[in-house]
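Enquirer: Encoded as structure tokens, here's the structure I'll be asking about.
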Amino acid sequence: MSRLFVGSAICDISAQGNVTLPVSFCITITSRKANDALFVCLHATADHLVVDDESGIEGRVGRFQRRRIAEGGISQTDQLADLRRDLGFAAPAWLNGKGQIAIAPWLNPRHKEAHRALVVGMGDSFEIWDLEQILSGQHDELRLLATLHLDLAAASNPKGNGHEISLRSVGPRRRKHIAREPGLPVYAMQPMLPRHDSIIDGA
């Protein structure tokens, strides 16, 4: 059985619309052999995106066909509208070598602006939600989920700069050169002559 998209993460979206996915989602995409066959789709409520592979798109077409047969074989206006949204409001995407997929500009309301997203696994697909929209919106469970991720990130990064500290950028500390001769001036001392008198009174 193919892997499923499970879990969630807060991901960066670059100004070019590239979403950096968590490693587990990249593994799932590769397991499903969908590296070059992904589709970024606008959800029916138009408030977030859904990423499907070819099997997900085929499932949408299958649901349309089953509904058409169940209702007498005639495609009603609402059926066609649903199919149009499922297939027309979608753009092909692929997983690049950096663990990223690209959102088409016309599907990205914040095109040319870097921002962050909450990515949520949904089994055969995953959702992409704008993080700022979640934190100020009405989806209580998503706001809680995003807050948990943000709290964990803040706890692991006390400096609060929003980025993980890169240890590789810190080079080895060099020892300071120690001079063989001390830096303080040294003054010559007069030799002390031995005493012949007694140091004890009355001796």
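Enquirer: What is the gain in length, in nm to one decimal, between Leu135 and Asn35 on full extension, counting 0.36 nm per residue of separation less the C-alpha to C-alpha distance?
Expert: Between Leu135 and Asn35, full extension yields an extra 32.9 nm.
Enquirer: Please sort 142-149, 28-35, 63-70 by packing, taking for each peptide the average over its residues of neighbouring beta carbons within 10 angstrom, highest first.
Expert: Per-residue mean Cβ counts within 10 Å order the peptides as 28-35, 142-149, 63-70.
Enquirer: Could you please report the charge total around Ala34, scoring K, R as +1 and D, E as -1 over all other residues with beta-carbon less than 10 angstrom from its beta-carbon?
Expert: -2
Enquirer: Mean separation of Cα pairs under 8 Å and 6+ residues apart, divided by the residue count of the stretch 8-161: what relative contact order is that in percent?
Expert: Across the stretch 8-161, relative contact order equals 34 percent.
Enquirer: Fully extended, how many nm does the chain gain between Leu4 and His43 (0.36 nm per residue separation, minus their Cα-Cα distance)?
Expert: So the chain would gain 12.1 nm between Leu4 and His43.
Values quoted throughout were computed directly from the atomic coordinates according to the rules given, and no laboratory measurement underlies them. Keep in mind it's a predicted model, so treat the numbers as computed, not measured. FYI the Cβ positions are ideal-geometry reconstructions off the backbone, even for glycines, and counts take in every protein chain you see.
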